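Take a look at the structure below.
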Amino acid sequence: MTKDLLIILFAAPLAGVALSLAVRSSRLSEYATVIAAIIDLAVSIPLLGRVVNGPVVLAHSYLQVDLLGAWVIVCISIVYTLSSVYAVGYMRLLNEEDRLPLFYGLFSGFAFTMLAACIVNNVGVFWIAIELTTLISTFLVGFEREAESTEAAWKYIVVVSGGISLALLGTILFYWGGSFILGPSYAMTWAALHRSAPSVYPPLLLVSFLLVLVGYGTKAGLAPMHTWLPDAHSESPAPVSAMLSGALLNASMLGIARFLAVVRGTSIDRFAHSAVVGFGIFSFVIAALFIVRQTGIKRLMAYSSVEHIGVQALGLGFGGVLGVAGALYHMLNHSLNKSLMFFGAGNAMRAYGTKEISGIRGVLKTFPVSGTLWLLGAVGIAGAPPFALFLSEFTILRAGIGGRYRWAAVLFVVFLIVVFIGFLAHFRAMFFDEAPEQPAPRVLGTVWRTLPMWLAFLPLLVLGLWWPHAIWDVLTKISYNVLGGAQ
Amino acid sequence: MFLAHVNSLQASIFSSLAVLSLLLTFVMLGSHWLRNYVYAFAAQSWLIAALSASVGYFAGYPELYVIAVLTALFRGLVLPYLLMRIIARLNVKRELHALLQPSSSLVLGALLVMFAFVIANHMNWQPLLSAHVVVLALTIMLSMKFLGFLMLTVRDEAVSQILGLLVLENGIFLGSQILVPGMPLLIEIVILFDLLIVVACFGMLVRFLVVHAGTTSSRQLNRLVG
């Protein structure tokens, strides 16, 4: 049964790729992508339910669906669904009718590789899946073929390939360390690495972990390895930005979480958590400072992604049930909220014909409905109640205050205030400043571009008011099973 | 662990092949001519193929012969061919504005190798002869990482950056042949193919760079900042 669900989960985007590239009809590829995404979302939730009582291992233990992976699959499927609906409305504005099938083919392929990364049980294959996400998404980033987007694509692939090669080195060193305990040839599964880790020579384990952390941290956009992120997220088409930010970063965080699980209970466990906290708080601070002085609307969103990936790293680093559950809840909420933000930014960019915040004024007059949603989303992403990010950030903060890293928790609060003021100041200007003389905006909202904003906003509000018991149950189980639970 | 029973002949074969590969990295670092990079890279790949074969022979892993053939074929022939095509299309023969002179990058590279040695030495706990090979392999693995990143930093032609990334990968591949010869065959083959796709993607991107950005020098890719 789980097997059938998995087959559907992966067949749907593959069918999307095949249809888009084979038939080469723009309309067909749009709808095929939307349907594939909805199927994935519909399958991902029962899949999560299937593995609550323990992981399911398939294909000679090359594949393993565990609760953590299934959770990330849910987050990715949500963003895939929202952004494929939004893409229908957005991509038609670009006047690239002939290349749309190619776009949707790459789009579904990108989703496929990210989903695959969540279920591979082999550390080497995981690395390859993450590498493939880079290769496919590079062409999505450069899709608009302007000087800026090509530059962003180039920087993206160079920085991320360089970074991710460190993760490969770390993986091989992990394997080498394990070969002293498990013999020269063994299956490179997460469980095998975890079994051997306590007996590995500690300095070797330490170097391996740091390499892996920096490697997958590059892909996740942790500062100071985040330099590709603002470029790639701001220059790609808005639905792709949402996928990069809401889905891809999660897949990379999954790598960091899995390796934290590998070294749990070893002599470097404590150091590993400190390193993750260090990267987390550094990303948070850097992002906060760049948010305050930002001038581009999508770069603002991109730095907000760096900020939130920092928050997730903080949660994982603080550890314990609260920290891990908070981080994973934050992952879901950030996926929803950041999609909403990029959709709003895409609408505004197209309507005003500029990427600069200073050129966007009087949004509420242009977009009474979707503008309101965007503004509420901004309040949510700045961390204010009653939206879901408030709950998850508060949980992570509780984990931090009660644990070893009180200094990080204090810094977190201080810069949370900086982000709140900085982020909302830009929105105040865009929504309430006097609009200078400007031509009437060229594009207005349509159902395709407003509906996904509603679909992101409503769960955000609900999850902010009510943390469903089922989700709390899943998250605590993950933190006990996978990450070792309370410390 | 076959390294624990390595004899002095085997140790010297592995060491010399590894050291030669490192020297070829310095050749890349010390030259400004793009063609030289590619030749050095090809030669390095052949050395790594020889290393795979000799490890396969001495340690009794016949599947490493397959890896050796594939390495020679892909890294030693196909990749250099693809790179040469990119260079020919771009009509750039040499690195024009390297940030550092070859001499200073060589000195910097030497310092990085020392740093790599210090780290590698800390990561080792085995005694005697096997330790020599292990520390050497780790040192070369890490120094090729550092040198690759150095090349990425100080060079700004697109082709040099691709080669820098390939040096990063070669370092890992070289080290893994000595340290973990028993790594599953599937993984190694997939990584080889992956590299091919990477270079193909880079090739396409370079074409986009020429057409849409009008330059292949990262020095001029400076529209996006802040």
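Quick note: the coordinates plus some simple rules give every number you see, no bench work behind them. It should be emphasised that the depicted structure is a prediction, and the values quoted were computed from it without experimental measurement. Note that we place each Cβ from the backbone using ideal geometry, even for glycine, and neighbour counts take in every protein chain shown.
Brief remarks follow.
- Stokes-Einstein D for the stretch A:100-204, Kirkwood Rh over Cα pairs, 10 °C, 1.306 mPa s (µm²/s): 102 µm²/s
- In terms of the mean number of neighbouring beta-carbon atoms within 10 Å, the peptides A:243-256, A:24-37 order highest first as A:243-256, A:24-37.
- Distance between the stretch B:161-178 and the stretch A:145-189 - C-alpha centres, whole angstrom: 11 Å
- Screening chain B for whole DSSP H helices of 27 Å or more along their axis (Cα) with average Kyte-Doolittle hydropathy at least 0.0 returns B:8-30, B:34-59, B:102-122, B:128-154, B:158-179, B:185-208.
- Under the criterion of Cα pairs below 8 Å and six or more residues apart, the relative contact order for chain A equals 16 percent.
- For the stretch A:186-335, the ratio of Cα radius of gyration to the globular rule of thumb 2.2 N^0.38 Å stands at 1.07.
- Each part gets one Cα centre, and for the stretch A:1-78 versus the stretch B:31-106 those centres are 39 Å apart.
- Histogram of C-alpha separations across chain B, 10 Å bin width, %: 8, 33, 33, 19, 6, 1
- Per-peptide packing, taken as the mean over residues of other Cβ atoms within 10 Å, places B:59-69, A:284-294, A:224-234 in the sequence A:224-234, A:284-294, B:59-69 from highest down.
- Test item: Cα-centred dipole of the protein assembly as shown, Lys/Arg +1 and Asp/Glu -1 on Cβ, debye: 380 debye
- Classified by the C-alpha gyration tensor, the stretch B:98-149 has a prolate form. Its axis ratio a/c, with a ≥ b ≥ c, is 1.5 or above, and a/b is larger than b/c.
- Residue order, fewest to most surrounding Cβ atoms within 10 angstrom, among B:His5, A:His194: B:His5, A:His194
- Residue-averaged beta-carbon neighbours from other chains (10 angstrom radius) around B:216-224: 4
- Nonlocal amide H pairs with B:Glu157, under 5 Å, H built at 1.01 Å: B:Ser218
- Reported to the nearest whole Å, the Cα centre-to-centre distance from the stretch A:92-120 to the stretch A:191-246 is 22.
- You can think of it this way: the chain between A:Ser185 and A:Leu289 has 32.6 nm of extra reach, that is 0.36 nm per residue less the Cα-Cα gap.
- Peptides A:387-400, A:323-336, ordered by how many other C-beta atoms sit within 10 Å of their residues on average, highest first, read A:323-336, A:387-400.
- Other protein chain Cβ atoms within 10 Å, averaged over every residue that makes up A:122-130: 3
- log10 of Debye I(q)/I(0), alpha-carbon scatterers only, for the stretch A:116-155 at 0.14 Å⁻¹: -0.40
- Span-like helix ranges in chain A, DSSP H, alpha carbon extent 24 angstrom or more, Kyte mean at least 1.0: A:2-23, A:26-50, A:67-91, A:100-119, A:123-141, A:147-182, A:202-220, A:269-292, A:406-432, A:447-465
- Proximal lysines relative to A:Lys3, as straight alpha-carbon distance under 27 Å, when same-chain residues fewer than 8 apart are discounted: A:Lys477
- Taking amide H as placed 1.01 Å from N in the peptide plane, A:Gly296 has its amide H under 5 Å from the amide H of A:Ile357, each at least 5 places away in sequence or on another chain.
- Partner shielding of A:422-428 amounts to 0, given as the average count of beta-carbon atoms from other chains within 10 Å of each residue beta-carbon.
- Hydrodynamic analysis of the stretch A:313-397 uses the Kirkwood radius over alpha carbon pairs. Inserted into Stokes-Einstein at 37 °C and 0.692 mPa s, it gives a translational diffusion coefficient of 236 µm²/s.
- Whole-Å semi-axes of the stretch A:250-350's equivalent ellipsoid (Cα gyration tensor): 29, 15, 9
- Normalised convex hull volume, the stretch A:1-109, alpha-carbon set, Å³ per residue: 88 Å³
- Inter-probe distance in nm under a simple model that places probes 7 Å from Cα toward Cβ, at B:Arg207 and A:Arg404: 5.3 nm
- Between the beta carbons of B:Phe115 and A:Thr227, assuming R0 = 22 Å, the FRET efficiency works out to 0.45 to the nearest 0.05.
- Taking a ≥ b ≥ c as the square roots of the Cα gyration tensor eigenvalues, the stretch B:1-96 comes out oblate, since a/c reaches at least 1.5 and a/b does not exceed b/c.
- Size descriptor, Kirkwood hydrodynamic radius, that averages inverse alpha-carbon separations across the stretch B:1-45, Å: 11.8 Å
- Mean sequence separation of contacting Cα pairs (under 8 Å, at least six apart), scaled by the length of the stretch A:306-429, corresponds to a relative contact order of 31 percent.
- Cα gyration tensor category, rounded, prolate or oblate, for the stretch B:75-180 with a/c compared to 1.5: oblate
- Set the Cα radius of gyration of the stretch B:178-221 against 2.2 N^0.38 Å, with N its number of residues, and you get 1.77.
- Under 5 Å, built H, 5+ apart or other chain: amide partners of A:Gly142: none
- Along its first, second and third principal axes, ordered by size, the stretch A:157-198 spans 36, 17, 16 Å in Cα coordinates.
- Counting every C-alpha pair in the stretch B:130-226, the share spaced more than 20 angstrom apart comes to 51%.
- The stretch A:296-360 pair-distance distribution - Cα-Cα, 5 Å bins, rounded %: 4, 18, 22, 17, 13, 10, 8, 5, 3, 0
- Shape metrics for chain A, restricted to C-alpha atoms - Rg then Dmax, Å: 21.2, 74
- Here each label is just a point 7 Å from Cα along the line to Cβ, and for B:Leu9 and A:Lys3 those points are 5.1 nm apart.
- Principal axis extents of the C-alpha atoms in the stretch B:150-193 (largest first, rounded to whole Å): 38, 20, 8.
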